[in-house]
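Student: I have a structure here, written as structure tokens, and I will follow up with some questions on it.
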Ligand code: ZN
């Protein structure tokens, strides 16, 4: 007989919608080039970043298509040239030293909110990729600026040789390119709502490294892909989703059973009929929950849900890599139409 556990749900922060939802059905990612007050953009930044971003978009859209996701990553075209991406150049109030890696994101955010308040027509969704010119002063070792996902914002950087022509080169410049191009694509994943995950054994053989695993080190150098679970989450992400979301109805409480059974782990439960959950994702994690960069090692799966909301999922243990720790933890993400997720964590005995 199964014992059902009522597990606590962690509801991610709901964001306020500051623009009229009805004006535009398909939203787009905002892309900002944020320049400190004492700096100038690096030469040819628009031309270079246009290519870099379009190639990154191609990667995302190729993977979404391969996984049959009802989604595509959308950027805003330049008003005067449909071939170009509308890169918004925003001047910071502070000098470069005012936006350090540590804590810089939180300083930039209010400045961007003020920018959007003054230019509401430039805010195409709640999600923004912020690219800053490197402040390290060393073109061969860029850095010094925020570089991480931060809620619906994510931060990446530009440096003078950040140019797609170096992609795949087996040279120092090629490796440097992958570091910052792969890094940008990975952080953008976070900015679109993706958690870390790891390739299953089969996917690793077929497709290489998962972008939301260690793909930030491989994209452009060796095969890199988006997992089916990542693509399923992007179906609800505002700049990617194609369906207009239903009104948000949280699950709040759910009876779910997660237990070891015959050498595997069985996950069973039932979603309430009126909730707005679009996808259920289950990850098998072997590391501490609370570490900052957890879940890199967690294989993630889409849990099939029946029409009546029931689900019974058995983790395919032959797809799961051995863990570095003896911990075995299951993380269930209930992904709503509007991108909000409810999170259930359960440590296996
Ligand atoms: Zn990450």
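Student: Over 15 Å apart: what share of the alpha carbon pairs of segment 203-277 falls there, rounded to a whole percent? Walk me through the intermediate numbers first.
Tutor: Values: 1989 of 2775 pairs.
For segment 203-277, the fraction of Cα-Cα distances above 15 Å is 72 percent.
Student: If you line up the long axis of helix 172-191 against the longest principal axis of the chain, both from Cα atoms, how many degrees apart are they, to the nearest 10?
Tutor: For 172-191 against the chain, the angle is about 60 degrees.
Student: For labels at residue 118 and residue 171 in the simple 7 Å Cα→Cβ model, what's the distance in nm?
Tutor: Computed distance between label sites residue 118 and residue 171 equals 4.1 nm.
Student: Hey, what angle do you get for helix 104-118 against the long axis of the chain, alpha-carbon based, 0 to 90 degrees rounded to 10?
Tutor: 80
Student: Could I ask something else about it? Computed over the Cα atoms of segment 167-298, what is the ratio Rg over Rh, Rh following Kirkwood?
Tutor: Checking Rg against Rh, the ratio lands at 1.03.
Student: In a GNM of the chain with a 10 Å cut-off on Cα contacts, which of 272, 239, 79 has the highest mean-square fluctuation?
Tutor: Highest fluctuation of the listed residues: 79.
Student: Pull out a ≥ b ≥ c, the square roots of the eigenvalues of the alpha-carbon gyration tensor of segment 25-169, then state rounded if a/c is under 1.5, prolate if not and a/b is larger than b/c, and oblate in the remaining case.
Tutor: Working: a/c = 1.64, a/b = 1.24, b/c = 1.33.
Here segment 25-169 falls in the oblate category.
Student: Only residues of segment 214-256 count here: report those whose backbone N is under 13 Å from the spot 7 Å along Cα→Cβ of residue 205, or say none.
Tutor: From segment 214-256, the list is empty.
Student: Also: If Rh is defined by the Kirkwood formula over all Cα pairs and Rg also comes from Cα, what ratio Rg/Rh do you get for the chain?
Tutor: On the Cα set of the chain, Rg over Rh gives 0.98.
Student: Between residue 58 and residue 37, what is the spin-label point distance in nm, taking each point 7 Å from the Cα along the Cα→C-beta axis?
Tutor: With each label placed 7 Å out from Cα toward Cβ, I get 4.1 nm.
Student: If you don't mind, there's one more thing I want to ask. Go ahead and set up a Gaussian network model of the chain, Cα springs under 10 Å, then flag whichever of 310, 227, 178 fluctuates most.
Tutor: Greatest mean-square fluctuation among the candidates belongs to 310.
Student: A further question on this structure: Could you check which residue among 241, 91, 333 shows the biggest mean-square fluctuation in a GNM of the chain with a 10 Å Cα cutoff?
Tutor: Highest fluctuation of the listed residues: 91.
Student: Separate question: Report, to the nearest 10°, how far helix 45-66 tilts away from the longest principal axis of the Cα atoms in the chain, using its own Cα long axis and a range of 0 to 90°.
Tutor: 20
Student: Looking at the chain, send over the antiparallel percent of its DSSP beta bridges, to the nearest 5.
Tutor: Percent antiparallel among DSSP bridges in the chain is about 70.
Student: Taking the simple approach of a point 7 Å from Cα along Cα-to-Cβ for both residue 246 and residue 91, what is their distance in nm?
Tutor: Output for this residue pair reads 4.9 nm.
Student: What's the exposure ranking of 257, 222, going from fewest to most Cβ atoms within 10 Å?
Tutor: Arranged by neighbour count, lowest to highest, 257, 222 become 222, 257.
Student: If each DSSP helix of 4+ residues adds -39,500 (n - 2.57) and the sum is divided by the residues in the chain, what number results at 222 nm, nearest 500 deg cm²/dmol? Walk me through the numbers before you get to the answer.
Tutor: Numbers: 5 runs with 71 residues, N = 349.
After summing the helix terms and dividing by residue count, I get -6500 deg cm²/dmol.
Student: May I ask you to compute the full-extension gain from residue 44 to residue 179, defined as 0.36 nm times their residue separation minus their alpha-carbon distance, rounded to one decimal in nm? It would help to have the intermediate numbers written out before the result.
Tutor: Numbers: separation 135, 0.36 × 135 = 48.60 nm, distance 2.02 nm.
Using 0.36 nm per residue and subtracting the Cα-Cα distance, I get 46.6 nm.
Where a number appears in this text, it was derived from the coordinates with a stated rule and is not lab data. On a predicted model such as this, the values are computed, not experimentally measured, just so you know. All Cβ positions, glycine included, derive from the backbone under ideal geometry; neighbour counts span all protein chains shown.
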